[in-house]
Amino acid sequence: MSDKEICILAIESSCDETAAAVVVNGRQVLSNVISTQIPIHTLYGGVVPEIASRKHIERINQVIEEALKEAHTSLDEIDAIGVTYGPGLVGALLVGLSEAKAISFAKDIPLVGVHHIEGHICANYIEDKTLEPPFLCLVVSGGHTHLVRVKDYGQYEILGRTRDDAAGEAFDKVARAIGLGYPGGPKIEQKAKEGDPHAIPFPVAKVNDSAYDFSFSGLKSAVLNYINGAKMKGETINEADIAASFQQAVIDALVGHAMHALDEFGGDKFAIAGGVASNGTLRAAMQEACERRGVRFYHPSPILCTDNAAMIGAAAYYEYMSGRRDSMSLNAVPNLALGQRVES
């Protein structure tokens, strides 16, 4: 890439974490500061977009100052500003984007727009400094479920995506249905440890016209129907068995599609990314399936699976090195597709 060290200040505000980081050459993290809003949104059972936007405004300056201080650097030593501009909640995205533009303009520092999902994929470069494309990656989070061929830095081919609910969204809805609360992913995983993953045969959906697309709405409905049916019959509901069986059905779908892609496209590297990628049961199942095929399995640490700015800094570095520079007209794109390049 380059002999010169490229120091990037990265900003992430696509949902309910206000985050800033300083990253050198895409892989060395000098700081990674995250201010979470989970306690606030827990009161409402999910993320409230208007509240998220206001909290980003309140916290973003302090988070950036903290990231710079922790990295022992200043804006005068920053080579570029990387910022998430989509996909995500439009109000939340605009807070981070406006902040990045202001710094870029005031300090005459290049602005680099980053795709949020690309950031999740690039978290693997931080975790394992030896990982290089090409490889296959499964991105599983609250808003996204994508199976991606990473052909090169910044070059992606989406093999499959969810047709309805994302895996993380299904976790949240099922957790709410069995009274576990928000956020659903960690709570389902914890409760599932007490249950039998084969107690209830929940369906694993297949999409007829695409071998790699996912569908989780039918599984979510099956869980709700099971709960309602039991209540109508006056039967006791075993929350742990429901959680374990639901989680197993999701994992079966994710691992099944991923291994099918590996069998078809080959390769010796497979990675996961996104919030749901921190699920220990999913990691173990992926690890086992990859080992059976002689494939090396990569996964970021839990802190790099959640929304964070270090991953945006990693992605911004490779975009920057490819020549990407954005203008002050760069806008938030809430439904930005992976691989879609919005020029500004």
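What follows draws every value from the coordinates through simple rules; no lab data is involved. Just so it is clear, the structure is predicted and the values come from calculations on it, not from any experiment. So basically every Cβ, Gly included, is an ideal-geometry build from the backbone, and we count neighbours across all protein chains shown.
Among the trypsin sites (Lys or Arg not before Pro) in region 248-314, which ones are in a DSSP loop with at most 16 other Cβ atoms within 10 Å of the Cβ? Mind listing them?
Those satisfying the criteria are ARG293.
Mind ranking 187-195, 134-142 by how tightly packed they are, going by the mean number of other C-beta atoms within 10 angstrom, highest first?
134-142, 187-195
Cα gyration tensor of region 133-300, axes a ≥ b ≥ c as square roots of the eigenvalues: rounded (a/c below 1.5), prolate (a/b > b/c) or oblate?
It is prolate, given that a/c is not under 1.5 and a/b is the larger ratio.
Please go through the residue pairs LYS206/LYS269; LYS55/LYS187; LYS173/LYS206; LYS4/LYS55; LYS151/LYS187 and name each one whose alpha carbons sit more than 32 Å apart in this structure.
LYS4/LYS55; LYS151/LYS187, as the Cα separations exceed 32 Å there.
Considering amide H positions built from the backbone, and no H for Pro or chain starts, which residues 5 or more places from ILE6, or on another chain, come under 5 Å of its amide H?
HN-HN under 5 Å from ILE6: ASN25.
If I take the Cα coordinates of the chain and project them onto the principal axes, what are the three extents in Å, biggest first?
So the three principal-axis extents are 67, 45, 33 Å.
In whole angstrom, note down how far apart the Cα centers of region 240-275 and region 81-146 are.
After rounding, the separation between the Cα centres reads 24 Å.
Percent relative contact order of the chain, based on C-alpha pairs within less than 8 angstrom and at least six residues apart?
24
Quick one: which residues, 5 or more positions from GLY274 or on another chain, have an amide H under 5 Å from its amide H? H modelled 1.01 Å from N in the peptide plane, none for Pro or chain starts.
Those qualifying (amide H under 5 Å, at least 5 residues apart or on another chain) are VAL140.
Given a Förster distance of 41 Å, report the FRET efficiency between VAL90 and LYS233 from their Cβ-Cβ distance, rounded to the nearest 0.05.
Once the sixth-power term is evaluated, E becomes 0.40.
List every residue whose amide H lies under 5 Å from the amide H of PHE135, counting only residues 5 or more places away in sequence or on a different chain, with H placed 1.01 Å from N in the peptide plane.
Excluding prolines and chain starts, which carry no amide H, the hits are VAL150.
Under a 10 Å cutoff between Cα atoms, tell me which one of GLU70, GLU235, GLU17 has the largest fluctuation in the Gaussian network model of the chain.
Result for the chain, Cα springs under 10 Å: GLU235 fluctuates most.
Could you identify which residue out of HIS41, HIS115, HIS56 has the top mean-square fluctuation in a GNM of the chain using Cα springs shorter than 10 Å?
Its mean-square fluctuation being the largest, the pick is HIS41.
Rounding to the nearest 20 debye, state how big the charge dipole of the chain is about its Cα centre with +1 on each Lys and Arg Cβ and -1 on each Asp and Glu Cβ.
About 540 debye.
Given Cα positions, please report Rg to Rh for region 238-291, the hydrodynamic radius being the Kirkwood one.
Result for region 238-291 is an Rg/Rh of 1.02.
Provide ASP307, ASP213 in ascending order of the number of other Cβ atoms located within 10 Å of each residue's Cβ, fewest first.
Ascending Cβ contact count within 10 Å gives the list ASP213, ASP307.
As a footprinting exposure proxy, order THR145, THR162 by other Cβ within 10 Å, with the fewest listed first. Walk me through the intermediate numbers first.
Values: THR145 30, THR162 23.
Going from least to most buried by this count: THR162, THR145.
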